[in-house]
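The values are calculated or read from the model by the stated rules, or taken from the named source; none is laboratory data. In this text, all values refer to a predicted model and were calculated from it rather than measured experimentally. Cβ: placed from backbone, ideal geometry, glycine included. Neighbour counts: every protein chain shown. Side chains included, ligands, DNA and RNA excluded: accessible areas come from the protein's heavy atoms. Shrake-Rupley method; radii C 1.70, N 1.55, O 1.52, S 1.80 Å.
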Amino acid sequence: MAAQPVIETRNLTIQFGGTLAVNNINLAFEPFRLKSIIGPNGAGKTTLFNLLSGQYKPTQGQVIFQRKDITRLGPAKRTKLGIGRSFQLTNIFPNLTVLENVRLALQSKAAVGMVFWRSWRSYTDLEDNAYELLKQVFLEHHWSNPASTLTHGEQRKLEIAILLGLDPAVILLDEPTAGMSIEEVPAILEIIQELKAQKTRTIILVEHKFDMIMKLSDSIAVLQEGRLICDDTPEAVSNNEQVQAAYLGGGVSNE
């Protein structure tokens, strides 16, 4: 018996002018699994992410999260419900320290039980928890540095730690290795592998590096011109002729 999806789309469609950027997509994301979304440039991957996270409202169709229709909820409300999303560009507070960036996420998550007239310094457990999250992304040695001093790759790691501080049930990772040097990519791969191994969150990944997708994914959804053309295991996707034809030259790209 298949597990109840933690998040799913039903006939999800969005149209910009005369263009169907996402066209009647039905996808189910099982709990504690990692599904990747791939496709050629312009396939609709980031648009689908924007629909899942609430940046866009669909022309038609639904987004269901934990059996509730969240189609009309915005990004802030979806974050509170448990959907965390990273972006292709880093989204951090550059003038705060690395630790403060993560602590703010923990404060936000814990806000219901906090007394706001008390200084955050009285919540030492938040700083301890923030430090532990920095250890998960290999940034503990930078805890006191301004976030602006981190390399691009380190800022991407920090963004993942901030996401973890919000304790989401679903993590949307939009091209986490975008702009990274070759040397920085293995660390991100290790972080995502460890998150997957913990089996505490559902992970949805958009990434262009096909070899990385093959290593990480439990399943892969392939988009082409806004349509879902395949949703299967990594091996089946790799051998699918329609998927191969969707990429330049008829072969699946490693770029």
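So how exposed is LYS215, as accessible area in Å² (1.4 Å probe, rounded to 10)?
130
Any idea what log10 I(q)/I(0) is at q = 0.16, 0.18, 0.23, 0.24 Å⁻¹ for region 130-203, Debye with uniform C-alpha scatterers and no solvent?
The Debye formula, applied to the Cα set alone, gives -0.54, -0.69, -1.13, -1.23.
Give the dimensionless ratio obtained when the Cα radius of gyration of region 1-104 is divided by 2.2 N^0.38 Å.
1.19
Hey, what's the Cα Rg ratio for the chain versus the globular rule of thumb, 2.2 N^0.38 Å?
Values: Rg = 18.6 Å, N = 255, 2.2 N^0.38 = 18.1 Å.
Rg over 2.2 N^0.38 Å, computed on Cα atoms: 1.03.
For every other residue with a beta carbon closer than 14 angstrom to the beta carbon of LEU189, add +1 if it is Lys or Arg and -1 if Asp or Glu, then tell me the sum. Intermediate values should be presented prior to the final figure.
Numbers: positive: ARG156, LYS157, LYS196, LYS209, LYS215; negative: GLU175, GLU183, GLU184, GLU190, GLU194, GLU207, ASP211.
Charge balance in the 14 Å sphere: -2.
Rounded to two decimals, what ratio of Rg to Rh does region 1-53 give with C-alpha atoms and a Kirkwood Rh? Before the final figure, lay out the partial values.
Numbers: Rg = 12.3 Å, Rh = 12.2 Å.
The Rg/Rh ratio comes out at 1.01.
If you put +1 on each Lys and Arg Cβ and -1 on each Asp and Glu Cβ, how big is the dipole of the chain around its Cα centre, in Debye rounded to 20?
On the way: 25 positive and 27 negative charges, 232 e Å.
Result for the chain is approximately 1120 debye, rounded to the nearest 20.
Taking only protein heavy atoms and a 1.4 Å probe, what accessible area per residue, in Å², does region 117-218 have with all protein chains in place?
Working: 4640 Å² over 102 residues.
Using a 1.4 Å probe on heavy atoms only, each residue of region 117-218 averages 45 Å².
Given the Cα atoms of region 179-248, and with Rh set as the inverse mean 1/r over their pairs in the Kirkwood sense, what is Rg to Rh to two decimals? Numbers along the way, then the final one.
Numbers: Rg = 13.3 Å, Rh = 13.4 Å.
Result for region 179-248 is an Rg/Rh of 0.99.
For region 119-255, take the convex hull of the Cα atoms, compute a quarter of its surface area, and give me that in nm², please.
Values: hull surface 40.0 nm².
One quarter of the hull surface, i.e. the mean projection, equals 10.0 nm².
Given the chain, what percent of its DSSP beta bridges are antiparallel, to the nearest 5? Working shown, then result.
Numbers: 20 of 36 bridges.
Restricted to the chain, the bridges split so that about 55 percent are antiparallel.
Share of the chain's accessible area from carbon and sulfur, percent, 1.4 Å?
Numbers: 6370 of 12510 Å².
C and S fraction of accessible area: 51 percent.
Determine how large the accessible area of TYR56 is when every protein chain is in place; take a 1.4 Å probe and give Å² rounded to the nearest 10.
Surface open to solvent at TYR56 totals about 80 Å².
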